[in-house]
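Derivation of every value follows stated rules applied to the coordinates shown; laboratory data play no part. The structure displayed is predicted, hence computed values, not measured ones. Virtual Cβ from ideal backbone geometry, glycine too; neighbours counted across all protein chains shown.
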Amino acid sequence: MNGFISGFLLGLGLIAAIGAQNAFVLKQGLQKRHVLAVSLTCALADMVLITAGVAGFGARLLRPTPIKSNHHGNIERNAGSGLR
């Protein structure tokens, strides 16, 4: 759970950077056009995407990576066990 909170807070910090979405929200706010609807839509979209990203990455970290031995007796990670 601690990792989830750290990841979520990191994601919230990344939103602070001015990007295309934030520039659009600022433009709409300055023009006073649909400010509440635009702000709520963007905030909801950010929450959903950040939560999905943090949960997906956390699930990948919890999944063990298979280890195999090659024909020389050396132990190596299975090349086919990457992110899917």
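Observations on the model:
- Fewest-first ordering of 48, 54, 35 by other beta carbons within 10 Å of each residue's beta carbon gives 48, 35, 54.
- Within region 24-66, the trypsin sites (Lys or Arg not before Pro) that combine a DSSP coil assignment with at most 14 other C-beta atoms in a 10 angstrom radius are 32, 33.
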